[in-house]
Amino acid sequence: MAARKMWGGRFKERTSASVEDYTQSVSYDRALWEQDIAGSKAHAAMLAERGVISAAERDAIHQGLETVRREIEAGEFVWKSEFEDVHMNIESRLTELVGDPGRKLHTGRSRNDQVALDFRLFVSARIAAWREALRGLVAALAGQAEANSDTLLPGYTHMQPAQPVALAQHLLAYAWMFRRDHARLTDCDRRVRVSPLGAAALAGTTYDLDPAYTAELLGLEAVFDNSMDAVSDRDFALEALFCASLVMAHLSRLCEEIILWSNPNFGYVRLPDAFATGSSIMPQKKNPDVAELMRGKTGRVYGALMGLLTTLKGLPMTYNRDLQEDKEPFLDADRTVFASVSIMAEMVTALRFDAGRMRAALGSGFLNATELADYLAAKGMPFRDAHHATGAAVALAEERGVRLEDLPLADLRAISDLVAEDVYAVLAPEAAVARRAVAGGTGPDSVAAQLDKLRRWLAE
Ligand code: ARG
């Protein structure tokens, strides 16, 4: 009776119910059903090509697998935990449908190379989805940068007012992060898209298979070099999880900005109602819950990365059942990162910036102190001395409770007689930003060049 299991030939007793429940993966790896069908179809085509099965058997397998696809899509497929995983569920249904050809499908294949293939195809498909979502987010940030091209705000270091910057420059800083994430995923995908099929259980097969042909049918660019590595390697999933973690780190930083900027003490941005929630007790509240939750979800994606790193540590060659623990963290991270990037793109598009509040904030914190120092240095004073003299001007303004530009010329000249009437134009935030014309700086030409570069990439 234990022979009900596909591997049950040598078993006399049934698996205990608790063990069946503990070891099954079909409750979650059914997510890989499409990849499993594609992999099996390619494997059957290759077996027929090499004369291991007949063309009629291949066709029966292909038709049977298409029936399975329709059943799954229609929600009619009955997933059974007694068949452990997605692979054996599909194979057993196929055999039910087409008989003997179904039993030949697994020739020259093991679940070890099968699962590695399915998972690689799945990770690659999700990477494609993440990349598309990142593109949307870069477009959203570029759109806001363009729409707010005249808006200035305080730039911060140490979360203290530092120098005036263009809002566009600030937003594009994030666009470049997500652009790098996109490039990183493109690079990672090259290592994901390697076919392990043909490695079989661990040592390769005695059949004269053609792994390059299965790879080609699946649109994969490369084939494994070593069968033992092929069935035990999960570097591709780790790399994808690292890329996902870094995407979340970048999102989390942006979330933090949105949380700060929407605080009434800043008031730089108004949270759209669709992306905020109220309080059940405090009627005045409009909370940035979406941004907070996204910041919080960053932890679970890091957790997925750390979890899988830990699972893989110390595994001897080759396949070990520990490897089944690769899927849940990836599936969870995938849901999180894809939804987060997509929702961030929508939220960025819906943000309404308060240029007036940002402009007002430029009036405190002596953000133009560097301008005065540079002004003096341009007139010949060594920069270190200019820095010191400006510090004295700041101290004086602070003592009087005024801005640097409110100090009368006589007071500024008392600090250095290099100061003239033209100093006031230099102290304006617009001038400070405009003068940072250096490539990559916050000046308007640099910002326009960045936008242009991003727009050209988005149009590719
Ligand atoms: N469900 C398994 C996994 O995800 C498939 C491979 C099982 N292989 C085996 N030799 N038990 O890893």
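The values are calculated or read from the model by the stated rules, or taken from the named source; none is laboratory data. This structure is a prediction, so every number in the text was calculated from the model and none was measured. Counting neighbours? That spans all protein chains shown, and the Cβs are built from the backbone with ideal geometry, glycine included.
Summary of values
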{"read-out": "Failed item, numbered, when Ile281 is tested on (1) among the aliphatic types (A, V, I, L, M); (2) over 29 Å from the mean Cα position of the chain (by Cα); (3) modelled with pLDDT of 95 or more", "value": "(3)"}
{"read-out": "Among residues of the stretch 20-68, those that are farther than 24 Å from Glu328 by Cβ and assigned to a helix (DSSP H, G or I), counted", "value": "22"}
{"read-out": "Residues (of a type in the set (D, E, K, R) and surrounded by 13 or more Cβ atoms within 10 Å (Cβ to Cβ)) located in the stretch 271-318", "value": "Lys286, Asp289, Glu292, Arg295, Lys297, Arg300"}
{"read-out": "Residue that is among the charged types (D, E, K, R) and over 37 Å from the mean Cα position of the chain (by Cα), where the choices are Glu430, Glu371", "value": "Glu371"}
{"read-out": "The lone exception for Glu84 - which of (1) within 16 Å of the ligand (Cβ to nearest atom); (2) over 35 Å from the mean Cα position of the chain (by Cα) it fails", "value": "(2)"}
{"read-out": "Residue within the stretch 32-47 that is over 13 Å from Arg69 (Cα atoms), acidic (Asp, Glu) and either at pLDDT 95 or above or surrounded by fewer than 18 Cβ atoms within 10 Å (Cβ to Cβ) (or both) present", "value": "no"}
{"read-out": "Verdict on Ala74 being of a type in the set (Gly, Ala, Ser), in contact with a helix residue (DSSP H, G or I) (Cβ under 8 Å, 6 or more places away or on another chain) and more than 25 Å from Arg14 (Cβ to Cβ)", "value": "no"}
{"read-out": "Residues of the stretch 93-114 classified as farther than 18 Å from Ala55 by Cα and in contact (Cβ under 8 Å) with a residue 60 or more places away in the chain, total", "value": "5"}
{"read-out": "Some residue of the stretch 129-137 being under 30 Å from Val447 (Cα atoms), among the aliphatic types (A, V, I, L, M), surrounded by fewer than 24 Cβ atoms within 10 Å (Cβ to Cβ) and modelled with pLDDT of 95 or more", "value": "yes"}
{"read-out": "Residue tally, condition under 30 Å from Glu146 (Cα atoms) and of a type in the set (D, E, K, R), over the stretch 406-460", "value": "9"}
{"read-out": "Hits in the stretch 266-297 (condition: in contact (Cβ under 8 Å) with a residue 12 or more places away in the chain, farther than 30 Å from Leu152 by Cβ and touching a Ser or Thr at 6+ places or on another chain (Cβ under 9 Å))", "value": "Lys297"}
{"read-out": "Residue within the stretch 49-59 that is of a type outside the set (Asp, Glu) and within 16 Å of the ligand (Cβ to nearest atom) present", "value": "no"}
{"read-out": "Leading residue by the ranking (farthest from the chain's Cα centre (by Cα)) among those in the stretch 318-341 that are over 27 Å from Val290 (Cα atoms) and assigned to a helix (DSSP H, G or I)", "value": "Arg321"}
{"read-out": "Positions within the stretch 178-218 being in contact with a strand residue (DSSP E or B) (Cβ under 7 Å, 6 or more places away or on another chain) and hydrophobic (A, V, I, L, M, F, W, C), in sequence order", "value": "Val194, Ala212, Ala215, Leu218"}
{"read-out": "Residue match in the stretch 93-115 (condition: within 16 Å of the ligand (Cβ to nearest atom) and of a type in the set (Asp, Glu))", "value": "yes"}
{"read-out": "Output for the stretch 1-45, where each listed residue is aliphatic (A, V, I, L, M) and closer than 30 Å to Ser124 by Cα", "value": "Met6, Val26, Ala31, Leu32, Ile37, Ala38, Ala42, Ala44, Ala45"}
{"read-out": "Failed item, numbered, when His43 is tested on (1) within 16 Å of the ligand (Cβ to nearest atom); (2) closer than 23 Å to Asp21 by Cα", "value": "(2)"}
{"read-out": "Flag if Phe77 is within 23 Å of Ala17 (Cβ to Cβ) and either away from the ligand (no atom under 16 Å from the Cβ) or of a type in the set (Val, Ile, Thr) (or both)", "value": "yes"}
